[in-house]
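Asks: Starting off with a structure, shown below.
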Amino acid sequence: MAIQKGDLARSTLSETIRKIYIKEGFKGFFRGIVPSFLGMIPYKGTGFLMYYSMKDKLKEHSPHLAHHKAFDFIFGSIAGLVSQLGKYISFCRKS
């Protein structure tokens, strides 16, 4: 629906679901799921690596601060940002 071209142009969500089911069957809803899952592996892996690396460094240098939830939020935000940037940069190189 984001691209809006072909026979699905200007359809509502319910119309689009019906057209996909009629044209491609139940399997049509899962077309492209494997590449999506494969793309999540480096994205999530990068995020976890960044988060736990920063968390370990904090524990190393300031163990008394390691239990504050604010650092979980900050490190999670940074890890998510780096993961998204990495994913978009790799996507842009392929395009």
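We did not get these values from a lab; they are worked out from the coordinates using the rules stated. As the structure is a prediction and not an experimental result, all values here were calculated from the model. Neighbour counts run over all protein chains shown; Cβ positions are idealised from the backbone, glycine included.
Asks: Tell me, what is the percent relative contact order of the chain, built from C-alpha pairs under 8 Å that lie six or more residues apart? Intermediate results must be reported in sequence, preceding the final value.
Replies: Details: 41 pairs, mean separation 21.9, N = 95.
Rounded, it is 23 percent for the chain.
Asks: Let me ask another. Local charge sum around Arg31 (other residues, Cβ-Cβ under 13 Å, Lys/Arg +1, Asp/Glu -1)?
Replies: Counting the neighbours of Arg31, the net charge comes to +1.
Asks: Give the share of C-alpha pairs in each 5 angstrom bin for the chain, from 0 to the last occupied bin, in whole percents, shortest bins first.
Replies: Here the calculated profile for the chain is 2, 11, 14, 14, 11, 11, 12, 9, 6, 5, 4, 2, 0.
Asks: Loop by DSSP (not H, G, I, E, B), at most 14 other beta-carbon atoms within 10 Å: where is the longest site-free stretch of the chain for trypsin sites (Lys or Arg not before Pro)? Please report the intermediate quantities before stating the final value.
Replies: Working: sites that count: Lys5, Arg10, Arg31.
Result, exposed sites excluded: 32-95.
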